[in-house]
Amino acid sequence: MRVFDHLSELVQCVGQDVVQSEWVDVTQETIDWFAKATGDDQWIHVDPQRASKGPFGGTIAHGFLTLSLIPLLLTNSLHVKEPLTLINYGLNRVRFPAVLPVNRQVRGHFHLLESLDLPRGEGVQLTWQITLNANDMDKPVCVAEMVIRYLRSVT
């Protein structure tokens with residue numbers, strides 16, 4: 001866990017690799033839960049027997065499940081002590097260069113691309129280049145450019 005006392009310290013990291021997360025397991029149970037939550041129950045995700053004969057040799061995580069791990073990986077890896085509210089402002093780019101097979105571990109590499117001050121001193125908008133890698137795989141399973149607003153809390 002990398003800890004910053006103030007948001008201004010994090011902003012000084014623009015252009016740098018800021019943190020690498022710990023590994024997170026992606027199990028069939030996780031995939032099944034995501035399928036139920038989203039209604040995406042395609043057999044390549046939820047039917048291990050059929051998927052074993054399919055193009056990937058087993059079930060794979062949904063691309064959007066892989067993408068949705070980013071907040072968990074980031075918040076478990078980086079903390080700013082200054083009271084803040086984080087708002088997902090959006091994504092500029094997302095690609096899934098490789099599928100994520102079931103029962104793999106994933107971790108994120110977080111590179112801070114850009115910082116933009118918000119009006120009226122409300123906070124800062126940070127753009128992150130995020131690469132998710134799975135254990136024992138050469139290609140990343142997700143590469144995303146994510147925009148997060150770090151809003152100063154009002155007390």
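The values are calculated or read from the model by the stated rules, or taken from the named source; none is laboratory data. Everything numeric here is computed off the predicted structure, so don't read it as measured data. We place every Cβ from the backbone using ideal geometry, glycine too, and count neighbours over all the protein chains shown.
When N76 is tested against (1) out of contact with any Asp or Glu (no Cβ under 7 Å at 6 or more places or on another chain); (2) surrounded by 13 or more Cβ atoms within 10 Å (Cβ to Cβ), exactly one condition is not met: (1). Here V106 passes the criteria (1) in contact (Cβ under 8 Å) with a residue 60 or more places away in the chain; (2) in contact with a Pro (Cβ under 8 Å, 6 or more places away or on another chain); (3) under 24 Å from R2 (Cβ atoms); (4) surrounded by 17 or more Cβ atoms within 10 Å (Cβ to Cβ) except the one numbered (2). When you look at L151, is it part of a strand (DSSP E or B), farther than 16 Å from S77 by Cβ, in contact (Cβ under 8 Å) with a residue 60 or more places away in the chain and out of contact with any helix residue (DSSP H, G or I) (no Cβ under 6 Å at 6 or more places or on another chain), yes or no? For L151, the condition - part of a strand (DSSP E or B), farther than 16 Å from S77 by Cβ, in contact (Cβ under 8 Å) with a residue 60 or more places away in the chain and out of contact with any helix residue (DSSP H, G or I) (no Cβ under 6 Å at 6 or more places or on another chain) - is met. If the condition is being surrounded by 14 or more Cβ atoms within 10 Å (Cβ to Cβ) and either among the hydroxyl-bearing types (S, T, Y) or not in a strand (DSSP E or B) (or both), then the stretch 2-22 contributes L7, L10, V11, C13, V14, S21. Just one of the listed residues (L126, L112, L84) is under 21 Å from V14 (Cβ atoms), among the aliphatic types (A, V, I, L, M) and at pLDDT below 95, and it is L84. The sole residue among T59, T30 that is among the polar types (S, T, N, Q), surrounded by 13 or more Cβ atoms within 10 Å (Cβ to Cβ) and touching a helix residue (DSSP H, G or I) at 6+ places or on another chain (Cβ under 6 Å) is T59. From (1) without any contact (Cβ under 8 Å) to a residue 24 or more places away in the chain; (2) touching a Leu at 6+ places or on another chain (Cβ under 9 Å); (3) in a helix (DSSP H, G or I); (4) not acidic (D, E), pick out the condition that doesn't hold for L116. Condition not satisfied by L116: (3). Only residues that are part of a strand (DSSP E or B) and over 30 Å from W43 (Cα atoms) were counted in the stretch 119-148, giving 9. Residue pairs whose Cβ atoms lie under 6 Å apart, separated by 6 or more positions or on different chains, with the first residue in the stretch 74-97 and at positive phi and the second surrounded by 13 or more Cβ atoms within 10 Å (Cβ to Cβ), are G90/V147. Would a scan of the stretch 54-62 turn up a residue that is part of a strand (DSSP E or B), farther than 19 Å from R2 by Cα and either in contact with a Ser or Thr (Cβ under 8 Å, 6 or more places away or on another chain) or not aliphatic (A, V, I, L, M) (or both)? No - not one qualifying residue is present in the stretch 54-62.
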